[in-house]
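Beneath this line is the structure, given in structure tokens, with notes to follow.
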Amino acid sequence: MNKKVILGIIISAVLVYLSVRGIDFQGISRDLKKISFSYVAVFLIIAIFMQWLRSYRWGVILQPQQKIDQLSLFSVTSVGFLAIAAIPARIGELARPYLISKKSSVKMSAALGTIIVERVLDGFAVLTISVIVFFFNDLPSWMIKSSLLLFILTLLIFFCIAGLIWRRDKALKIINRILGKLPGEFAHKIDAAVHRFIDGLQIIVNIKLLLYLLLLSSLIWLLDVLAIYVLLEAFGFTLPVMASFLIMIVLIVGIAIPAAPGFIGSWHYSCIVALAFFGIAKTEAFSFAVVYHFLSMMVIVALGVSFLPFNKFSVSDMKNNLKDNELV
């Protein structure tokens, strides 16, 4: 973990340098002064609604195991996203499964399975949007190759999930052969956790719910595009809607790179790269990136801190829960 943190900080430092190199800082001040705050207000409303919609979608994924009230889902989701932004090395991804296991009968290992389902759904939604963007725009080969790689990885994960569910007995036999090489008690604990993990993937076999989840996922990312478009309008940029799609796609790829907490550097450089395709000067693009990052983090922090008193946790608690309780 320490190596990942150090690597993330180094990458962020490099990307921050690349982002600010050649920037006219007086120009940033001028750009910030011309922002329309009515558009900023709309952006914040959309961002909060997106968070609510994410929590609602998660509830649908969890539904085969237990129906959980929307307030609890929204509360846990808000704190979970704060953890993802604040805790390095992606350890924050464990926060939501851990917290929901404390508020329901859903085991943490099963909840981890639902997070993977979320990632697959997001992958398919973003890939669909990417195809539309590529159809209407002449984009560089590296971006097309990156999207193709993401598509292949998403399909691979989906087929692995489908295999675990539809060929559960065969998959478990293979897993048990591997576990047979481990000490008996430890192997038994791992086996129990694997069963619960597969339970968290059950939503895949319900075609009706799966299609509904794909619709919700597409709506979430289209709202993200809308939020970006509104913020571009706040800066007075006269750009086509496709610019918002491209910013979203490049940003998704950018923040997947290991970086310091809060996606510092990767977020900003991604916005600069995307806006360069539409002839936006680096200083203006950096100004947009700073505001976009600040507002997005502000929503995450504000919601997370608001619900944190009701969802207290620590990294050691999550690890101990996964090790001592989930594997029993």
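Residues of region 71-106 being surrounded by fewer than 22 Cβ atoms within 10 Å (Cβ to Cβ) and of a type in the set (Val, Ile, Thr), which ones? Matches in region 71-106: Ile84, Ile87, Ile91, Val106. Considering only residues in region 44-70 that are among the basic types (Lys, Arg) and surrounded by 20 or more Cβ atoms within 10 Å (Cβ to Cβ), the one that is farthest from Tyr229 (Cα to Cα) turns out to be Arg57. For region 273-317, give me each residue that is within 25 Å of Thr77 (Cβ to Cβ), crowded, with 19+ Cβ neighbours inside 10 Å and either more than 20 Å from the chain's Cα centre (by Cα) or of a type in the set (S, T, N, Q) (or both). Listed by number, the residues that qualify are Ser296, Asn311. Ala83 - would you say it is more than 25 Å from Phe159 (Cβ to Cβ), in contact (Cβ under 8 Å) with a residue 40 or more places away in the chain, part of a helix (DSSP H, G or I) and not polar (S, T, N, Q)? So Ala83 fits the description; yes. Between Val225, Val253, the distinction of being within 27 Å of Ile84 (Cβ to Cβ), touching a Ser or Thr at 6+ places or on another chain (Cβ under 9 Å) and modelled with pLDDT of 85 or more belongs to Val225 only. Quick one: in region 1-40, which of the residues that are of a type in the set (D, E, K, R) and not in a helix (DSSP H, G or I) is farthest from Phe235 (Cα to Cα)? Here the answer is Arg21.
The values are calculated or read from the model by the stated rules, or taken from the named source; none is laboratory data. All values derive from a computational prediction rather than experimental measurement. Neighbour counts run over all protein chains shown; Cβ positions are idealised from the backbone, glycine included.
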